[in-house]
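The values are calculated or read from the model by the stated rules, or taken from the named source; none is laboratory data. Predicted model only: the values in this text are computed from it and were never measured. A quick note on method: Cβ atoms are made from the backbone with ideal geometry, for glycine too, and the neighbour counts reach across all protein chains shown.
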Amino acid sequence: MMPFLVLLVTGAQSRLGAQTNTKLSNITLTQDGCTSSDTSFEYYLFVQQWPPAQASTSWPSDAVVDDFTIHGMWPSRTGNASSSYPCKCTSETFDASELASIRNTLNAHWPSYTGDNEGFWTHEWSKHGTCSSTLSSQLSYFSDGLSMRKGLGLLDHLEAHGVNANGGAYTKEAIIAAFSSTPVLGCKSSGALSEIAFCFDKSSPPQQIDCDSSVFADLGEFNDCSESEIVFTAADAPASGLCAVYGCSGYDPDHPCQCNSACDDHDDCCDDYDTVCK
């Protein structure tokens, strides 16, 4: 299998993040959100997340949380449909037995911060994997994602360019300079780097391409990364937050985790969400 170079997107309450505060003046959005009736897409957005920026003490014991982990591989659109995406395109249910040969690697590099890996993979497959029509099977979808991550070596690239996960702050330019193509960066409201993403074509296996300019449009559903100061949270300093403190309603971009009814869908619930808010 050919090597890959990939990564992830932005804010926790949005499937796709943006990098600037400026809407592209030549784009008039015609669709928004999930469109299960329209299965078309132009590219894959491969998203990885930085675990120390996620508020959780529930990562599985075999998850490698001092390196970037996979969030998802999302069929996506460009142009005036860039804020929409196909989802739940077929009724094919997730079958963990198909992934037996890669289960250990998935546990390490595609884990859920809630500790429920199969629940996470079920969500990613049913929402996004069923729309990945250029890939042949569930095994192909997940194994290609693992190959993308391995081919990237994201943390190595960043460290080779002097961007280290030590709690320091870096400019957006410094982070982008670590890669040959411009990534989509996602940050917490605190300014902490949370996700990075790159675009891939629809070939099998997918190959990296430059993202269309529409991918960087401001969709207004997440926090943009600062041009001048992006904090790369230290690997031994995860964020924290509790629904017992925040309450159980509304999205608050200032919180490192969420306690509203949408947090399960966006994989950003606080650790005590199930016990406090359900």
Original post:
In this structure, does SER214 turn out to be part of a helix (DSSP H, G or I), in contact (Cβ under 8 Å) with a residue 60 or more places away in the chain and touching a helix residue (DSSP H, G or I) at 6+ places or on another chain (Cβ under 6 Å)?
Top reply: yes
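Quick check on SER204: is it in a loop (DSSP other than H, G, I, E, B) and in the same structural domain as SER132 (by TED's automatic domain parsing)? Spell out how you get there, then give the answer.
On the way: in a loop (DSSP other than H, G, I, E, B): yes; in the same structural domain as SER132 (by TED's automatic domain parsing): yes.
Yes, satisfied.
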**OP:** Please verify whether the stretch 260-270 includes one or more residues that are modelled with pLDDT of 90 or more, outside any loop (DSSP other than H, G, I, E, B), under 17 Å from the mean Cα position of the chain (by Cα) and of a type in the set (Asp, Glu).
**Re:** no
Original post:
Can you spot a residue in the stretch 196-208 that is at pLDDT 85 or above and β-branched (Val, Ile, Thr)?
Top reply: yes
Original post:
Quick one: CYS270 ticks every box in (1) assigned by TED's automatic domain parsing to the domain that holds TRP50; (2) in contact with a Leu (Cβ under 9 Å, 6 or more places away or on another chain) bar one, so which box is it?
Top reply: (1)
**OP:** Looking only at the stretch 27-44, decide whether some residue is buried (at least 23 other Cβ atoms within 10 Å of the Cβ), touching a Phe, Trp or Tyr at 6+ places or on another chain (Cβ under 6 Å) and at pLDDT 50 or above.
**Re:** yes
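Conditions (1) in contact with a helix residue (DSSP H, G or I) (Cβ under 8 Å, 6 or more places away or on another chain); (2) β-branched (Val, Ile, Thr), marked per residue:
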{"position": "SER61", "(1), (2)": "no, no"}
{"position": "VAL65", "(1), (2)": "yes, yes"}
{"position": "PHE68", "(1), (2)": "yes, no"}
{"position": "ASN80", "(1), (2)": "yes, no"}
{"position": "PRO86", "(1), (2)": "yes, no"}
{"position": "THR90", "(1), (2)": "yes, yes"}
{"position": "PHE94", "(1), (2)": "yes, no"}
{"position": "GLU98", "(1), (2)": "yes, no"}
{"position": "ILE102", "(1), (2)": "yes, yes"}
